Each structure stands twice: as structure tokens, then as C-alpha cells.
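Each remark here refers to the structure printed beneath this line.
The values are calculated or read from the model by the stated rules, or taken from the named source; none is laboratory data. Note that the structure is a prediction, hence the values are computed from the model and not measured. Cβ atoms come from the backbone with ideal geometry, glycine included; neighbour counts cover every protein chain shown.
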Amino acid sequence: MKSFSFLLRARYVLFLWIPFFFCVFSCRARVNFVRSAPSAEIESKKGIPDPNVWNGAFLVSASEIGSERLKKILADPNNFSRPESDSDHVQEGFSEMEKFGARVFLIIIKPKVGGREVSDLGETGIRLGECDAVDKLEYPYTYVVFPEAAFGQAERYPKTPQEAYKSLTFPRKKARHYYEEETRRILAAFPGRCFVSGENRLEVQILGSELLLFRFLFQYGGSGTR
């Protein structure tokens, strides 16, 4: 009888320790993911908005991107802001920078519903710590938005190619209402020496009727390099 009660207590104690071990391993996995730079497996590292310096006029996000995602972004057919003859030159330029240890951030600026248009914004400045971007590519990126979607969620498609949403604009019964939404994308490259171990601050300044400031925090381990 005593051995039976001992086994019950042992199983009960083991059951209590299972959540602890699960928490330890899951927390370690999250920490390692946040502190690592993009690699072949992790093609994007999203920055955390700095709550102390933030402007709510627009929706802005920033991510460090790996080489494979950069190639896909540069080859996107919806990048219509530059002539087709120049796209190969731009892609080659950013690809060459990787050989010299440069790393690239993607900044996306979106308008808020009923707010100011992105097309009204002026020049932008991108800084990482004390470093200015060594190269910057800035272009509009337009979406076609269908506000009357199922479950109250708007459907959003890149304007090009049109095949993705063509059936919604010319249906058999009635065409659905849609409008165009222009966003802005910025690719900014920085040399590897600008990255440090620990917290790195990426600052986005946008000139309009006023100076808008957005700041993002990136955490890196080791020397800040990949």
C-alpha cells in the first residue's frame, strides 16, 4: 500500500514539473529567434516600435530582410515606380552590396483609414544608430482594395498583376466596389559595421507638412553580425 501511494505522489510531482520544462524550452526558443539576424532559414527580422518615440499619423513597419527575400521584392511586378529598363540595374546594385557586408531594411508606410495620403509625403531619411543609409531605393506600391468582403474584412491585392482580382471587378452579376490604396516602400542598406551587439535603433524621418519620426528597436546577439 505504501509503495502504491509513493508511486502516486511521484507521478503527481512529475505532472507538476512538465509545464515548467515546457516553459523553459519554449522561452529559450523565443529568445534565440528574436536575437538572431536573418539567415537562409529566417528571411525577415521585424523591428519593435519604440513606444517613447512614435507618430500615429501613418502605419509604419520596418524589417531587416535576407538576400532571398530582397531578390523577390526587387522582382515584384507591382514595383511600377521605375522604368522597366532600370529594374535590372537597381537589382544588380543591391545584390552587389551584399558582397561588401551591407544589410538591407524594408520600411513600409501605409495610410490610416480616413487619414492623410502617402502621396502627400516628402523626402525620407533613414538612420541606424549614428549611420546614414549607404544606399536607398524608394517607390510607391499600390493595392486594389475591396471593402465589401466577407466577415467585414477588406480584401487587398497588389495592383499588378491584375489576374489575382480580375474576376471580382467583372463578375457575371454585379461588379464589386473597389478603390486604390497607395503605400510607400523603402529599401535602405547599411554596412555591417553599423550593427552592434544588443539594442540597435532604426530611425525613420518623413518630411511632410511636419517632420514625422518613427523609431524601431532591433536586438542582436554577439557582435551584431550574422
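Which of (1) under 23 Å from residue 49 (Cβ atoms); (2) out of contact with any Lys or Arg (no Cβ under 9 Å at 6 or more places or on another chain) does residue 190 not meet, given it meets every other one?
(2)
Any idea which residue in segment 163-192 is surrounded by the most Cβ atoms within 10 Å (Cβ to Cβ), counting only those that are without any contact (Cβ under 8 Å) to a residue 12 or more places away in the chain and under 30 Å from residue 65 (Cα atoms)?
The extreme case among them is 164.
Across segment 103-158, what is the number of residues that are more than 23 Å from residue 63 (Cα to Cα), part of a loop (DSSP other than H, G, I, E, B) and touching a residue at least 40 places away in the same chain (Cβ under 8 Å)?
The number of residues fulfilling the criteria is 2.
Look through segment 146-187, keep the residues that are farther than 28 Å from residue 105 by Cβ and of a type in the set (Lys, Arg), and return whichever of them is modelled with the lowest pLDDT.
Once the filter is applied, the top-ranked residue is 172.
Exactly one of these conditions fails for residue 217: (1) modelled with pLDDT of 95 or more; (2) crowded, with 18+ Cβ neighbours inside 10 Å. Give me its number.
Residue 217 satisfies every listed condition except (2).
State whether the residues of segment 167-178 include one that is assigned by TED's automatic domain parsing to the domain that holds residue 73, of a type in the set (A, V, I, L, M), part of a strand (DSSP E or B) and touching a Phe, Trp or Tyr at 6+ places or on another chain (Cβ under 8 Å). Don't jump to the end; show me each part of the working.
Going through segment 167-178, the residues assigned by TED's automatic domain parsing to the domain that holds residue 73 turn out to be 167-178.
Narrowing the set further to residues that are of a type in the set (A, V, I, L, M) leaves 168, 175.
Checking the rest, the ones that are also part of a strand (DSSP E or B) come to none.
Looking for residues that are assigned by TED's automatic domain parsing to the domain that holds residue 73, of a type in the set (A, V, I, L, M), part of a strand (DSSP E or B) and touching a Phe, Trp or Tyr at 6+ places or on another chain (Cβ under 8 Å), one finds none in segment 167-178, hence no.
For residue 135, which of the numbered conditions (1) touching a helix residue (DSSP H, G or I) at 6+ places or on another chain (Cβ under 8 Å); (2) buried (at least 19 other Cβ atoms within 10 Å of the Cβ) fails to hold?
Here residue 135 clears every test but (2).
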